[in-house]
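Scroll down for the structure; my scribbles are underneath it.
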Amino acid sequence: MKFSLSWLKDHLETDASVTAISARLNAIGLEVEGIENPADRLAGFRIAKVLTAAPHPNADKLRVLTVDAGTGEAVQVVCGAPNARAGMIGVLGLAGAVVPGGGFELRKSAIRGIESNGMMCSVRELGLGEEHDGILELPGDAPVGAAFADYQGSDPVFDVAITPNRPDCMGVYGIARDLAAAGLGTFKPLVIDHRAGSFPCPLPIRTDDPEGCPAFFGRVIKGVTNGPSPQWLQDRLISAGQRPISALVDITNYVMLAYGRPAHAYDLAAVSGAMFARRAHLGETCVALNGKEYALTSAMTVIADEVQVHDIAGIMGGEHSGCSETTTEVLLEVAYFDPTRIGNTGRALNLASDARQRFERGVDPAFLDTGLALLTDLILNICGGEPSEIVRAGTPPALPRLIKYDPALAETLGGVAIPAAKQRETLAALGFASDAGWTVTVPTWRPDIDAAPDLVEEVVRIHGLDNIASVALPRSEGVARPTATPEQKQERRLRRAAAALGLNEAITWSFLSEKEADAGGGGTWVLQNPISEDMKVMRPSLLPGLLSAVRRNLDRGASSVRLFEIGQRYLADGEHPTLVLVLAGDKAARQWHSGEAQPFDAFDAKAMCLHLLREAGAPVDNLMVMGDADSVYHPGQSATLRLGPKSKLASFGMVHPATLKEFDISGPVAIAGIHIDAIPTKKAADFARPPYSPPALQAVKRDFAFVVDAALPAGDLIRAIRGCDKANIVAVRLFDRFEMPDGKLSLAVEVTMQPAEQSYDEGALRAMAERVTAASAKLGAMLRG
Amino acid sequence: MDYAATRDEALARIAGTHDLGALESLRVEFLGKAGSISGLLKTLGAMSAENRQTVGPHIHALRESVSTALSARKTALETAAMNAQLARETLDLSLPAPEGLRGTIHPVSQVMDELAEIFADLGFAVATGPEIEDDWHNFTALNMPENHPARAMHDTFYFPDQTAADGKAMLLRTHTSPVQIRAMIANGAPIRIIAPGRVYRSDSDATHTPMFHQVEGLVIDRNIHLGHLKWTLETFLKAFFERDDIVLRLRPSYFPFTEPSVEVDVGFALVSGRRILGGSGDAGGHGWMELLGSGMINRKVIAAGGLDPDAWQGFAFGVGVDRLAMLKYGMDDLRAFFDGDVRWLQHYGFSPLDVPTLSAGVGVRP
């Protein structure tokens, strides 16, 4: 919402400075986003008198002027304006000045061979309006040589952000009321000249859609002359960032911007028969004033005559019956439209307008007559004409809302004690009447107020939020209690454990392209309105996002990329917290002592995966290495870690070359993924650990070498040995593995046995060795001879 | 026999040995079972007592001298041998050692941990909720009924193919505020929580990303008012930025879920182009920047959470986590947060050992 200081002063008697007004606007919740002084843009423009005007020797339409700009010597400029003549006073832009209406900097130049040292400017070039038929002509008493900005007067423009709950401040009048309540001046009462109609309204006006349009007030003014609006009106609109069009159009815009009251003026010549509000018919269309055609539905309210739609009610008028310079009879519409329906229609048509913004937020339902009177008065003053009687179809919903208030709330909710009398005064200044028992009547222009806390906000914001003292929250006694949940602690631990392994934590987008989502198992959640096709599907896996990050890093020349992310996967059954790590490029760079660079392999991923699972509290010793990792993996170099066939905690391995190709990555990538929510939660335990003292007796180590079938997973052998004598065998380490000429494998393990009470004798050791060989034999593993 | 000459000759020969093998041969020659000095010792047994008294000390002295010399020579030779070996083993220690790895914690995670630590001290727990929400939790329960103009301002991502079991439309949460509702329904009152997490808006330009992070704060109790909100925000920001000169400016604003609603600005100084928080925004060379949205929870929201708004009241606030991270640690490009550039992560990331604690200060200085 933009408005000039002088406009504000139409409604507010004040001597306050721009800074003071701005500070108070901010303090009461009308956020000042900017203050612009148009005078700043006119630097370098001076009032100048044309001394001579001669034809340009080389161009018919140009003239060569000498002008006096108070610089002490005549300035020669070439000018194309038809009205340029000796003796007139205008505005000269000197070299170096930036033309507000064009944004370009003036320079000395030669135009068709004649030197030009500046530019005599039109209204449009000065950014003061649309007029561009000739150069601006100032009155004869304008001081030659003075800065034009000073002559023009400084009228700073405020740009204020209005929150959606304050339709009353979508007009300068409402802003003035708020400022006056905040003590910044005196609110000027509205003086309305109610012009009586001199003839009956020549056409019927009615509302056939009382839901969408509860009230439609209108009248005709005949004999109007529509031309450019007067300068003061143009200035107002320009300060608000609007383009002046014609008096009739400008007047309706002015009433909207000044009072927050949208209205519409139809060229009566384009209207056939009655004018009424109704629902549109499905398939009906309307070409709006922006030149676009809109397809309407039966959910939308329109203003139509017997033949066609003239207005998308409350949003934008139709091109067909818009006022033009030939308009002589005008039909004024001041209506009340249902805010919800306006919003729905506007969204459905994707059509934004100043009128919609106000109707959608709720205009003052008691302002229809006032609005119509203001419009009529302005039109008669500016365009002349003769008004008809007013037709009032329907009734606006203007039930006054009553709220039971307790002034103590200012302190108990607002945190600041304000005397009741002061509160009553503030509310009154804002238009709220209150009786002795504190029943408060809400003014019709405040649709946002519907409960006592709203009134607290009113009195507290006007009183000043700065006056609220900080009050400490009550503290529980002693040291703060721990608050983190087991899941939160687990996630924090996993994150720091992963970083401690040398991985860098990344955060990648939650959304993927469809292609990436398909590579990650296919997405369920597809956005209706993605930012781009690359961000369309909620990720079913963290891997695609990380692989894309790997590619970007490799493309930037990284030789080693170690990333992990903790975040959600989005599946049909909900969100699943997940950790994925990726290892790409060199595991170790080439080194003087280790030679060639080494790539990552699946065991790097396995080691990290197991380490992280252990940190996350998973029962790592019970995990089984199984197959069935999904299709992003190399089928022969990947595995899952499970507690049972159905309980998959993690997967790891090398990425499938086809997947790498899709992500444009060359070179192997090792990855691991942990389904954090599949890790069984540990029971809350006491701090004390199980009792333990290191065994007094030394452990015994024995080596066994087995010949096994090549298909036997080594893990099965280790597990079998470890399980064959749990009382004694505390560790099994596979330390040697090689392929024998016949295709079988030789696996050598070191078995550690820990005696408890007494040392092993030969018999005990032999018995244990037999148990090891027997357990191994069940898997087909034979002791090597 | 000239014991002195024998001794001198033996000592000279010992001193003349240069390896341990030769020394051992000498030891055997002199002191071995059949050694020359051992032989002399054996003769003592056959001597007369008188003779033994005369000769014995000479022989013993000879044995002692030779034995001592052998031992000393052995030590010397061993030391020389070790020194020679050590000399051979000398390394060029200016050669580079294997590089250790330095993993990092993302700034967003680090800041979330910092927030959790600060607010835990104030009695706040951390709550979470789903990112794919239904429109009731994200909007309706927060006093944004269908058709509410504020809904349109949220630039919401929708999922047209899914509806909740009860027919609610599904969307990506536009703020962490739905966690308020979930916390009220799940735990009742009183409540003190913060709810950090990912949020989404269909907005993408130089300073906006369609995904970002927010933290929500919620306090519901019997007698909570705006003064408590102001104190909580001041206390939190002072602890977070580890500055006592943080100054807040509260401005009335509008959020459907709070009433009264308060926008919170924080004062900063412009120091060589960077905004450094601290001081009043009205002071010279200072300014205000918008940082937080907050307010007293709307009665309708408390009721939607299943609580009695006549019995309970409280405040809520929301702030961008990425924004807090940028202000504290000096990043200036939000998009880089989500790029996974290892160089950026190494520069702006944190050591896993930088676990925020109150005793050490929750922040990490470079």
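Overview of values
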quantity	calculated
Residues satisfying the stated conditions in segment A:561-580, i.e. under 17 Å from A:Met654 (Cα atoms) and either facing chain B (nearest Cβ under 10 Å) or of a type in the set (Gly, Ala, Ser) (or both)	A:Val561, A:Arg562, A:Leu563, A:Phe564
Count - residues of segment B:215-260 that are among the small types (Gly, Ala, Ser), under 26 Å from B:Asp282 (Cα atoms) and outside any helix (DSSP H, G or I)	1
Checking A:Leu612 against (1) at pLDDT below 95; (2) more than 10 Å from every other protein chain (Cβ to nearest Cβ), the condition it does not meet	(1)
Long-range neighbours under 7 Å by Cβ, at least six apart or interchain, first residue at the interface with chain B (Cβ under 9 Å from one of its Cβ atoms) and without any contact (Cβ under 8 Å) to a residue 40 or more places away in the chain within segment A:439-468, second acidic (Asp, Glu) and in a strand (DSSP E or B)	none
Lone qualifier among B:Arg343, B:Arg365 - being within 9 Å of another protein chain (Cβ to nearest Cβ) and closer than 27 Å to B:Val271 by Cβ	B:Arg343
Residue that is farthest from the other protein chains (Cβ to nearest Cβ), among those in segment B:147-179 that are hydroxyl-bearing (Ser, Thr, Tyr) and outside any strand (DSSP E or B)	B:Ser177
Residues within segment A:282-309 that are under 21 Å from A:Gly394 (Cβ atoms) and exposed (fewer than 14 other Cβ atoms within 10 Å of the Cβ), tallied	3
Residue check, B:Lys300 outside any loop (DSSP other than H, G, I, E, B), surrounded by fewer than 22 Cβ atoms within 10 Å (Cβ to Cβ), out of contact with any Phe, Trp or Tyr (no Cβ under 7 Å at 6 or more places or on another chain) and in contact (Cβ under 8 Å) with a residue 40 or more places away in the chain	yes
Checklist (1) of a type outside the set (Phe, Trp, Tyr); (2) modelled with pLDDT of 95 or more; (3) part of a helix (DSSP H, G or I) applied to A:Gln357, failing item	(2)
Filter result for A:Ala558 (facing another protein chain (nearest Cβ under 7 Å), in contact with a Gly (Cβ under 6 Å, 6 or more places away or on another chain), without any contact (Cβ under 8 Å) to a residue 60 or more places away in the chain and closer than 30 Å to B:Gln346 by Cβ)	no
Segment A:482-533 - residue that is at the interface with chain B (Cβ under 7 Å from one of its Cβ atoms) and among the basic types (Lys, Arg) and, of those, farthest from B:Pro196 (Cα to Cα)	A:Arg496
Qualifying residue in segment A:454-472 (condition: part of a loop (DSSP other than H, G, I, E, B), surrounded by fewer than 17 Cβ atoms within 10 Å (Cβ to Cβ), among the hydrophobic types (A, V, I, L, M, F, W, C) and touching a Phe, Trp or Tyr at 6+ places or on another chain (Cβ under 8 Å))	yes
Subset tally (residues that are assigned to a helix (DSSP H, G or I) and either at the interface with another protein chain (Cβ under 9 Å from one of its Cβ atoms) or among the basic types (Lys, Arg) (or both)) for segment B:113-135	5
Strands (runs of 3 or more DSSP E) contained in segment A:1-100 and holding at least 3 residues within 14 Å of another protein chain (Cβ to nearest Cβ)	A:31-36
Unique match (being surrounded by fewer than 22 Cβ atoms within 10 Å (Cβ to Cβ), in contact with a strand residue (DSSP E or B) (Cβ under 7 Å, 6 or more places away or on another chain) and facing chain A (nearest Cβ under 9 Å)) among B:Glu263, B:Glu259, B:Glu234, B:Glu242	B:Glu234
Where a residue in segment A:153-169 is within 14 Å of chain B (Cβ to nearest Cβ) and its partner, wherever it lies, is of a type in the set (Val, Ile, Thr) and surrounded by fewer than 18 Cβ atoms within 10 Å (Cβ to Cβ), with Cβ under 7 Å and at least six apart	A:Val160/A:Val32
Selection from segment A:461-491 of residues that are out of contact with any strand residue (DSSP E or B) (no Cβ under 6 Å at 6 or more places or on another chain) and among the aliphatic types (A, V, I, L, M)	A:Ile462, A:Ile468, A:Ala469, A:Val471, A:Ala472, A:Leu473, A:Val479, A:Ala480, A:Ala484
Per-region count, segment A:310-321, residues surrounded by 23 or more Cβ atoms within 10 Å (Cβ to Cβ) and part of a loop (DSSP other than H, G, I, E, B)	4
Count of segment A:40-52 residues which are surrounded by fewer than 17 Cβ atoms within 10 Å (Cβ to Cβ) and of a type in the set (A, V, I, L, M)	2
Residue within segment B:269-281 that is away from every other protein chain (no Cβ under 14 Å), without any contact (Cβ under 8 Å) to a residue 12 or more places away in the chain, part of a strand (DSSP E or B) and over 27 Å from A:Ile566 (Cβ atoms) present	yes
Residue match in segment A:393-404 (condition: over 35 Å from the mean Cα position of the chain (by Cα) and within 14 Å of chain B (Cβ to nearest Cβ))	yes
All strands (runs of 3 or more DSSP E) inside segment A:631-713 with 1 or more residues being at pLDDT 90 or above and under 30 Å from A:Ser759 (Cα atoms)	A:700-708
Count of residues meeting criterion [in contact with a strand residue (DSSP E or B) (Cβ under 6 Å, 6 or more places away or on another chain) and either under 16 Å from A:Lys726 (Cα atoms) or aromatic (Phe, Trp, Tyr) (or both)] in segment A:736-759	6
Lone unmet requirement of (1) under 39 Å from the mean Cα position of the chain (by Cα); (2) at pLDDT below 95; (3) surrounded by 17 or more Cβ atoms within 10 Å (Cβ to Cβ) for A:Arg722	(1)
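The values are calculated or read from the model by the stated rules, or taken from the named source; none is laboratory data. Bear in mind the structure is a predicted one, so any value in this text is a computation, not a measurement. Positions of Cβ are generated from backbone atoms using ideal geometry, with glycine treated the same way; all protein chains shown enter the neighbour counts.
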